[in-house]
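Below is one structure; the comments refer to it alone.
The values are calculated or read from the model by the stated rules, or taken from the named source; none is laboratory data. Keep in mind it's a predicted model, so treat the numbers as computed, not measured. Neighbour counts are summed over all protein chains in view; Cβ atoms, including those assigned to glycine, are modelled from backbone coordinates with ideal geometry.
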Amino acid sequence: MRLTRYFLPVLKETPAEAQIVSHRYMLRAGMIKQASAGIYSWLPMGFKVLKNIENIVHEEQVRAGHIPMLMPTLQSADLWRESGRYDDYGEEMLRISDRHGRDMLYGPTNEELITDIFRSHVGSYKDLPLTLYHVQWKFRDEIRPRFGVMRGREFYMKDGYNFDVDRDAAIHAYNRHMVSYLRTYERMGLQAIPMRADSGPIGGDDTHEFLVLADTGESEVFYDDRILDLNFGDRAVDYDNWDECASIVTEWTTPYARTDETHDEALFNTVPEAHRKSSRGIEVGQIFYFGTKYSEAMGATVQNDKGENVPVHMGSHGIGVSRLLGAIIEASHDDKGIIWPEGVTPFHCGIVNLRQGDEAADGACEAIYHSLVALGLEPLYDDRDERAGGKFATMDLIGLPWRITVGPRGLKNGVVELTSRRTGESEELPPELAVARVGEIYGKSAV
Ligand code: ATP
Ligand code: MG
């Protein structure tokens, strides 16, 4: 993409309404625009990152054997009356009536809808295990939407639902989700710690939240800091192997890590004092096992291997896709702007032309641009007729992890500059080598 042809409405001033750094940078970098309280338009660069995050979520869900689908945003109130949640959910639910006076609602979550789909089509244990998920907009009429996409009213969420014949099988589904979430967040450059949590209106006993440590987080968390040494890495996991998934869950749930809702001071005090930490965290996901709560209320049963009809065991598992943009920026920025992890960056590499209109500089930038594209990468070429300082400030603000800087003086010596946004370190290299280096970083090489 060439910057002169893109839509990147960067703001010079810091917007007064934004209280936290991720919100400020998302507005300044032209990623989002508020449409009304807690509701945002996703401008091209924000949309790109949102889709990158969504893609990682899809890849890891499919890797774990979960099946993508799509349910609507608007739901009929009838199903929610069956589960009893139409009255329980309270004012966060946006209630709408259609022209015929039928009660509808904008879905805050989808347990009822998915249970209805399940009971209409599945009747035998032979069709299990089954995990269906979608990534869809949700609406919760939050009393205090704030911090930009972090606590919106309309937000984008992955929610998945497992259906299993009994508790043991459903606990495996729970474990499988925990394992796949660990890998999902790591691919986004995040350390998200599973913490024992409280189940809230969804109900059930087994639940973990995934929290990213950040001063601006809304949750208070307590943990043994040795959990920060755990690293999922590139393990080849067999998601059908119950023991393997369970042992990974044990690895991550043995060190103390809880939110304030389940915090147990006496137990916490058994952690050596040097490792006892409390701080703030951003909730980026949650997994639940809630057994037969919805299947009993809504008559979703399967025939087991003894020929008995039993209510299906379920769980639900959510990832805050739009909130993750805020969480990633909170975890990865400096005073100049965002620092995108390679896994989610909107463009792989920036190209800055120090002297637009100079024949050698323009030619070298074009060649670098085409070579990067040929490797399957997406560069962003700042081809504006602007001072170098302004171009650097924009690149630093939008946070592309790598930048190639091209100027007439370097070209006379046959070199361009490759700079890491994270460390600020630069290296002078011939243009082809700079391209090859960027290719290597993203695992792409010329054939
Ligand atoms: P919170 O405690 O932050 O209100 P929740 O526990 O009610 O969230 P869940 O039902 O667990 O939310 O939803 C799954 C995920 O969706 C959350 O872990 C969070 O990342 C995200 N999420 C929930 N509410 C919002 C919101 N208002 N704006 C953006 N993301 C949200
Ligand atoms: Mg939650």
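Here are the numbers:
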| quantity | calculated |
| --- | --- |
| Residue that is farthest from ligand 1 (Cβ to nearest atom), among those in segment 269-286 that are surrounded by 14 or more Cβ atoms within 10 Å (Cβ to Cβ) and of a type in the set (A, V, I, L, M) | Val271 |
| Condition broken by Asp383, with the remaining ones in (1) surrounded by 17 or more Cβ atoms within 10 Å (Cβ to Cβ); (2) touching a helix residue (DSSP H, G or I) at 6+ places or on another chain (Cβ under 7 Å); (3) modelled with pLDDT under 95 satisfied | (3) |
| Per-region count, segment 287-311, residues away from ligand 1 (no atom under 16 Å from the Cβ) and more than 24 Å from Ser180 (Cα to Cα) | 17 |
| Residues of segment 256-268 classified as surrounded by 11 or more Cβ atoms within 10 Å (Cβ to Cβ) and not in a loop (DSSP other than H, G, I, E, B), total | 5 |
| Condition broken by Ala297, with the remaining ones in (1) touching an Asp or Glu at 6+ places or on another chain (Cβ under 9 Å); (2) surrounded by 18 or more Cβ atoms within 10 Å (Cβ to Cβ); (3) among the aliphatic types (A, V, I, L, M) satisfied | (2) |
| Test: residue in segment 241-248 that is assigned by TED's automatic domain parsing to the domain that holds Gln61 and either of a type in the set (Lys, Arg) or closer than 22 Å to Asp159 by Cβ (or both) | yes |
| Inter-residue pairs, beta-carbon under 7 Å, first free of Cβ contacts under 8 Å to residues at least 60 places away in the same chain and in segment 216-237, second β-branched (Val, Ile, Thr) and surrounded by fewer than 17 Cβ atoms within 10 Å (Cβ to Cβ), 6+ apart | none |
| Within segment 273-294, considering residues that are among the hydrophobic types (A, V, I, L, M, F, W, C) and out of contact with any Gly (no Cβ under 6 Å at 6 or more places or on another chain), the one nearest to ligand 2 (Cβ to nearest atom) | Ile287 |
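Yes/no per residue for (1) over 30 Å from Trp242 (Cβ atoms); (2) within 13 Å of ligand 1 (Cβ to nearest atom):
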| residue | (1), (2) |
| --- | --- |
| Tyr40 | yes, yes |
| Leu43 | yes, no |
| Phe47 | yes, no |
| Glu54 | no, no |
| Arg85 | yes, yes |
| Arg99 | yes, no |
| His121 | no, no |
| Ser124 | no, no |
| Asp127 | no, no |
